[in-house]
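A.B. asks: Can you read through this structure? Questions will come right after.
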Amino acid sequence: NFEKVLSMVPEFDAIITRSGTPVTKELIERGKKLKVIGRAGVGVDNIDIDEASRRGILVVNAPTGNTLAATEHTMGMMIAAARLIPFAHKSLKDERRWDRKKFMGVELSGKTLGIIGFGRIGSRVGIRARAFDMKVIAYDPYIKREKAEKLGVELVNALDELLRRSDIITVHTPLTDETRNMITKREIEKMKDGVILLNIARGGIINEEDLREALVEGKVRAAAVDVFTSEPAVDNPLLDAPNIIVTPHIGANTFESQANVAVIIANQVLSA
């Protein structure tokens with residue numbers, strides 16, 4: 001309950017939050033003793049950074065704690081989208097149908113994977129995709145070419161080139177003014193027909209309405225989405241789209257990652 005948090009915050013020196021609680025200007029103003037805000041996870045988009053900075057309050061996060069959880073969820077979603085696993089499962093289990101012809105998939109082997117954002121998670125997805133015999137290309141203006149080449153990944157100079165060449169595209173960037181609506185109808189039109197799209201990063205990097213339209217039209221063969229512009233996303237337009245696999249923002253939800261994140265952020269707050 002946000003009202004309860006507001007009433008409690010004046011007596012505390014530190015806050016540790018997850019993604020579900022917005023640390024707003026109002027909350028920060030109430031925290032007269034606040035010295036540090038810790039985000040148990042990667043993104044700090046639920047914290048009013050400007051207001052915290054203005055008041056000299058440190059904001060710390062735990063960016064490495066759930067790297068492997070998000071990486072593995074991406075691989076799981078990629079395979080599920082390529083082989084239409086959830087739809088085949090539902091058809092057999094819930095509808096008791098034996099519909100083998102309906103669920104023709106594509107193999108990852110030999111396909112080109114385009115990774116947008118080649119940081120902690122993107123690079124680990126790249127390593128695993130190479131083990132699946134995929135050709136991996138990446139676009140990230142902030143990453144040195146040597147880092148990619150060392151992992152057997154080709155770093156391309158322009159987003160358009162990645163869009164044009166990839167059979168499967170996955171995004172692994174934070175949500176910023178630069179990345180919001182990075183993939184819209186305009187970008188989707190440049191992709192191959194039958195492309196598979198994944199967003200396990202942040203809602204809003206891929207425009208939801210444009211993705212829905214591309215799925216309906218068949219331009220995008222399948223999509224896998226774990227994150228949404230507004231969450232809980234129980235009435236999101238993407239939920240009505242065909243050939244989309246959705247999960248409720250569980251990319252970081254493993255026992256291991258939650259323990260990692262808790263320990264890291266507790267140490268960060270203590271250090272601060």
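The values are calculated or read from the model by the stated rules, or taken from the named source; none is laboratory data. In this text, all values refer to a predicted model and were calculated from it rather than measured experimentally. With ideal geometry, Cβ positions are generated from the backbone for all residues, glycine too; neighbour counts draw on all protein chains shown. Please note that ligands, DNA and RNA were not included when accessible areas were found on the heavy atoms of the full protein model with its side chains. Shrake-Rupley method; radii C 1.70, N 1.55, O 1.52, S 1.80 Å.
A.B. asks: Of everything in the stretch 48-68 that's open to solvent by less than 10 Å² (accessible area, probe 1.4 Å) and among the aliphatic types (A, V, I, L, M), which residue is farthest from His172 (Cα to Cα)?
C.D. replies: The extreme case among them is Ala52.
A.B. asks: When Thr229 is evaluated against the numbered criteria (1) within 27 Å of Leu58 (Cα to Cα); (2) open to solvent by less than 50 Å² (accessible area, probe 1.4 Å), which criterion, by number, is the only one it fails?
C.D. replies: Result: Thr229 passes all but (2).
A.B. asks: Quick check on this structure: which one of Arg180, Arg212, Arg186 is open to solvent by 40 Å² or more (accessible area, probe 1.4 Å), closer than 22 Å to Val125 by Cα and modelled with pLDDT of 95 or more? Reasoning before the result, please.
C.D. replies: Values: Arg212 fails: closer than 22 Å to Val125 by Cα; Arg186 fails: closer than 22 Å to Val125 by Cα.
Exactly one of Arg180, Arg212, Arg186 is open to solvent by 40 Å² or more (accessible area, probe 1.4 Å), closer than 22 Å to Val125 by Cα and modelled with pLDDT of 95 or more, namely Arg180.
A.B. asks: Right, next: For the stretch 73-97, what are the residues that are in a loop (DSSP other than H, G, I, E, B) and without any contact (Cβ under 8 Å) to a residue 60 or more places away in the chain?
C.D. replies: Asp94, Glu95, Arg96, Arg97
A.B. asks: Select from the stretch 130-162 the residues that are open to solvent by 20 Å² or more (accessible area, probe 1.4 Å), part of a helix (DSSP H, G or I) and more than 19 Å from Glu107 (Cα to Cα) and list them in ascending order. Spell out how you get there, then give the answer.
C.D. replies: Here is the first cut: in the stretch 130-162, the ones open to solvent by 20 Å² or more (accessible area, probe 1.4 Å) are 130-133, 135, 139-147, 149-152, 154, 157-161.
With part of a helix (DSSP H, G or I) added as a condition, the list becomes 130-131, 145-147, 149-150, 159-161.
If the condition is that a residue be open to solvent by 20 Å² or more (accessible area, probe 1.4 Å), part of a helix (DSSP H, G or I) and more than 19 Å from Glu107 (Cα to Cα), then Arg145, Glu146, Lys147, Glu149, Lys150, Leu159, Asp160, Glu161 are the ones that fit.
A.B. asks: Let me ask you something else. Just to be sure, is Asn1 polar (S, T, N, Q) and surrounded by 15 or more Cβ atoms within 10 Å (Cβ to Cβ)? Step through it out loud before you land on a result.
C.D. replies: On the way: polar (S, T, N, Q): yes; surrounded by 15 or more Cβ atoms within 10 Å (Cβ to Cβ): no.
No.
A.B. asks: Can you tell me which residue in the stretch 73-97 is nearest to Pro242 (Cα to Cα), limited to those that are β-branched (Val, Ile, Thr) and open to solvent by 50 Å² or more (accessible area, probe 1.4 Å)? Outline the logic, then answer.
C.D. replies: If we filter the stretch 73-97 for residues that are β-branched (Val, Ile, Thr), which is where we start, we get 74, 79, 85.
Those left that are additionally open to solvent by 50 Å² or more (accessible area, probe 1.4 Å): 79, 85.
Working: Ile79: 17, Ile85: 14 Å.
Step by step, filter the stretch 73-97, then rank; the result is Ile85.
A.B. asks: Does Gly20 satisfy the criteria of being modelled with pLDDT under 95, out of contact with any Asp or Glu (no Cβ under 7 Å at 6 or more places or on another chain) and small (Gly, Ala, Ser)? Write out each step before concluding.
C.D. replies: On the way: modelled with pLDDT under 95: yes; out of contact with any Asp or Glu (no Cβ under 7 Å at 6 or more places or on another chain): yes; small (Gly, Ala, Ser): yes.
Criteria met by Gly20.
A.B. asks: Across the stretch 14-72, what is the total count of residues that are without any contact (Cβ under 8 Å) to a residue 60 or more places away in the chain, part of a loop (DSSP other than H, G, I, E, B) and under 18 Å from the mean Cα position of the chain (by Cα)?
C.D. replies: 5
This table checks each residue for (1) closer than 17 Å to Gly119 by Cβ; (2) at pLDDT below 95.
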{"position": "Gly41", "(1), (2)": "yes, yes"}
{"position": "Gly56", "(1), (2)": "no, no"}
{"position": "Val59", "(1), (2)": "no, no"}
{"position": "Gly65", "(1), (2)": "yes, yes"}
{"position": "Ala69", "(1), (2)": "yes, no"}
{"position": "Gly76", "(1), (2)": "no, no"}
{"position": "Ile79", "(1), (2)": "no, no"}
{"position": "Ile85", "(1), (2)": "no, no"}
{"position": "Ser91", "(1), (2)": "no, no"}
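A.B. asks: Among Ala266, Ala201, Ala223, which is small (Gly, Ala, Ser), touching a helix residue (DSSP H, G or I) at 6+ places or on another chain (Cβ under 8 Å) and open to solvent by 10 Å² or more (accessible area, probe 1.4 Å)?
C.D. replies: Only one candidate qualifies: Ala201.
A.B. asks: Across the stretch 98-109, what is the total count of residues that are closer than 20 Å to Ile244 by Cβ, in a loop (DSSP other than H, G, I, E, B) and open to solvent by 100 Å² or more (accessible area, probe 1.4 Å)? Give the derivation first.
C.D. replies: Step one: filter the stretch 98-109 for residues closer than 20 Å to Ile244 by Cβ, giving 99, 102-106, 108.
Next, from what is left, pick out any that are in a loop (DSSP other than H, G, I, E, B): 99, 104-106, 108.
Checking which are open to solvent by 100 Å² or more (accessible area, probe 1.4 Å) leaves us with 104.
Qualifying residue count for the region: 1.
A.B. asks: Restricting to the stretch 145-177, name every residue that is aliphatic (A, V, I, L, M) and at pLDDT below 95. Even if it seems obvious, please write down each step before you answer.
C.D. replies: Filtering the stretch 145-177 down to residues aliphatic (A, V, I, L, M) leaves 148, 151, 153, 155-156, 158-159, 162-163, 168-169, 171, 175.
Within the stretch 145-177, Leu175 is the sole residue that qualifies.
A.B. asks: May I pose another question? In the stretch 112-129, which residues are touching a strand residue (DSSP E or B) at 6+ places or on another chain (Cβ under 7 Å) and either more than 30 Å from Val42 (Cα to Cα) or part of a helix (DSSP H, G or I) (or both)? Reasoning before the result, please.
C.D. replies: First pass over the stretch 112-129, keeping only residues touching a strand residue (DSSP E or B) at 6+ places or on another chain (Cβ under 7 Å): 112-118, 122, 125-126, 129.
If the condition is that a residue be touching a strand residue (DSSP E or B) at 6+ places or on another chain (Cβ under 7 Å) and either more than 30 Å from Val42 (Cα to Cα) or part of a helix (DSSP H, G or I) (or both), then Gly122, Val125, Gly126, Ala129 are the ones that fit.
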